[in-house]
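Chemist: Before anything else, here's the structure in question.
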Amino acid sequence: RAKAAGRNTLSFYEPGMDGIVADRTALERDLSNAVREGGFVLYYQPIINLAADRPCGFEALIRWPHPSRGMVSPMDFIPLAEDTGLIVPLGAWILQEACREAAGWPGDLRVSVNVSAVQFQKPGFEQAVIGALAAAGLAPQRLELEITESILIADAEAAITCLHRLRSLGVRIAMDDFGTGYSSLSYLRRFPFDKIKIDRSFIRDIADPDAAAIVKAIVGIGTQRGAVITAEGVETEEQLACVRQEGCSEVQGYYFSKPLPAQEALDFVRKPARAAA
Ligand code: C2E
Ligand code: MG
Ligand code: MG
Ligand code: MG
């Protein structure tokens with residue numbers, strides 16, 4: 001590899017590098033078009049309340065069916081949308097679409113919407129939430145926003161103020177992927193939230209005593225704060241038994257269901273959950 005010769009070499013050549021740059025430019029153009037033309041869909045993954053043994057809501061997860069690349073993962077295009085600022089119109093669409101869908105669900109089922117830190121920090125975010133609720137006629141209590149610790153990095157004070165305002169509207173706040181961030185546990189004392197979602201990596205390894213101890217600690221702190229604790233990424237009956245034992249009150253994962261198209265999500269509500277099985 002020419003790269004090994006060092007950065008100062010003029011003959012530096014990395015095969016495929018032009019390809020990567022061109023690819024990113026093309027992807028950016030396609031993303032921009034898709035945002036303008038409404039080329040995305042939301043899938044919905046059930047969240048099961050263990051005590052009630054039924055779904056209490058769904059997490060909206062974005063999908064991008066690309067004409068030539070197939071289904072592009074949000075892990076591949078959300079960061080690009082953040083870099084380009086496209087996350088603002090895209091995020092607004094996600095909020096509107098998720099609220100509109102949830103307004104048609106029976107009972108008090110909630111919709112959880114992932115919010116990127118970039119989107120959260122832009123002025124107008126709160127208005128986008130209020131606007132989406134109003135347009136859909138959805139009660140704020142039925143919307144939950146999933147945020148990560150990363151929103152606290154830029155301006156923790158501003159973030160905390162915004163979270164308080166959203167909660168005073170009745171919107172719920174969930175801390176997503178908890179345990180993977182690098183902010184200190186003391187943030188939890190200042191940070192208003194209703195739910196902690198324990199990251200999938202701890203659930204995957206829950207047979208390991210260290211991972212189980214972390215789950216136990218998160219449940220302890222969260223419960224102390226009056227928060228609901230959700231285990232993410234439950235795939236097996238053994239993992240379900242463990243998280244139940246540790247005191248998680250909600251679970252989400254392939255054991256119950258993968259994310260589903262909107263109509264199939266509704267069908268899922270009408271049949272009993274597998275928690276008791
Ligand atoms: P997340 O918010 O933590 O979402 C959970 C991810 O775990 C989803 O991946 C879901 O399909 C996957 N998952 C759920 N249960 C299981 C399981 O049992 N096993 C395994 N292996 N995976 C499971 P997905 O849909 O690919 O989304 C990945 C990430 O992309 C999300 O992580 C979230 O950070 C981001 N994302 C997805 N949709 C949106 C969106 O609408 N807006 C924003 N800002 N980010 C989004
Ligand atoms: Mg999430
Ligand atoms: Mg998560
Ligand atoms: Mg995650």
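Chemist: What full-extension length gain, to one decimal in nm, is calculated for Glu37 and Ala52 as 0.36 nm per residue of separation minus the Cα-Cα distance?
Modeler: Stretched out fully, the Glu37 to Ala52 stretch lengthens by 1.3 nm.
Chemist: GNM, the chain, Cα, under 10 Å: largest mean-square fluctuation among Ala98, Ala227, Ala60?
Modeler: Maximum among the listed residues: Ala227.
Chemist: Give the angle, between 0 and 90 degrees and rounded to the nearest 10, that separates the Cα long axis of helix 87-102 from the longest principal axis of the Cα atoms of the chain.
Modeler: 30 degrees
Chemist: Do any chymotrypsin sites (Phe, Trp or Tyr not before Pro) in the range 224-275 lie in a DSSP loop with no more than 15 other beta carbon atoms within 10 Å, and if so, which?
Modeler: When the chymotrypsin sites (Phe, Trp or Tyr not before Pro) of the range 224-275 are filtered for loop state and at most 15 Cβ neighbours within 10 Å, Tyr254 remain.
Chemist: For the range 120-155 and the range 183-212, what is the centre-to-centre distance using only Cα atoms, to the nearest Å?
Modeler: That distance is 22 Å.
Chemist: May I ask for the equivalent-ellipsoid semi-axes of the chain, computed as the square root of five times each C-alpha gyration tensor eigenvalue and listed largest first in whole Å?
Modeler: Details: eigenvalues 208, 116, 89 Å².
Largest first, the chain gives 32, 24, 21 Å.
Chemist: Here is a follow-up. Which value, in debye to the nearest 20, describes the size of the charge dipole of the range 100-171 about its Cα centre when Lys and Arg Cβ atoms bear +1, Asp and Glu Cβ atoms bear -1, and nothing else is charged?
Modeler: About 220 debye.
Chemist: Taking amide H atoms as placed 1.01 Å from N in the peptide plane, list the residues 5 or more away in sequence, or in a different chain, whose amide H sits under 5 Å from that of Ile173.
Modeler: Amide H to amide H, under 5 Å and 5 or more residues apart or across chains, Ile173 pairs with Leu145, Asp194, Lys195.
Chemist: While we're on this one: Taking only pairs that are 8 or more places apart or on different chains, how many Lys pairs in the chain have Cα atoms under 19 angstrom apart?
Modeler: Going through the chain pair by pair, I get 4.
Chemist: Further question on the same structure: Need the full-extension length gain, Glu235 to Asp210, defined as separation in residues times 0.36 nm minus the C-alpha distance. One decimal, nm.
Modeler: Gain on stretching Glu235 to Asp210: 7.1 nm.
Chemist: Another question, then. Extending each Cα 7 Å along its Cβ direction at Ala139 and Ser168, get the distance between those two points in nm, one decimal.
Modeler: Calculated label separation equals 2.2 nm.
No lab work stands behind these numbers, since they all come straight from the coordinates. It should be emphasised that the depicted structure is a prediction, and the values quoted were computed from it without experimental measurement. As a convention, Cβ positions derive from the backbone with ideal geometry for all residues, glycine included, and neighbour counts pool all protein chains shown.
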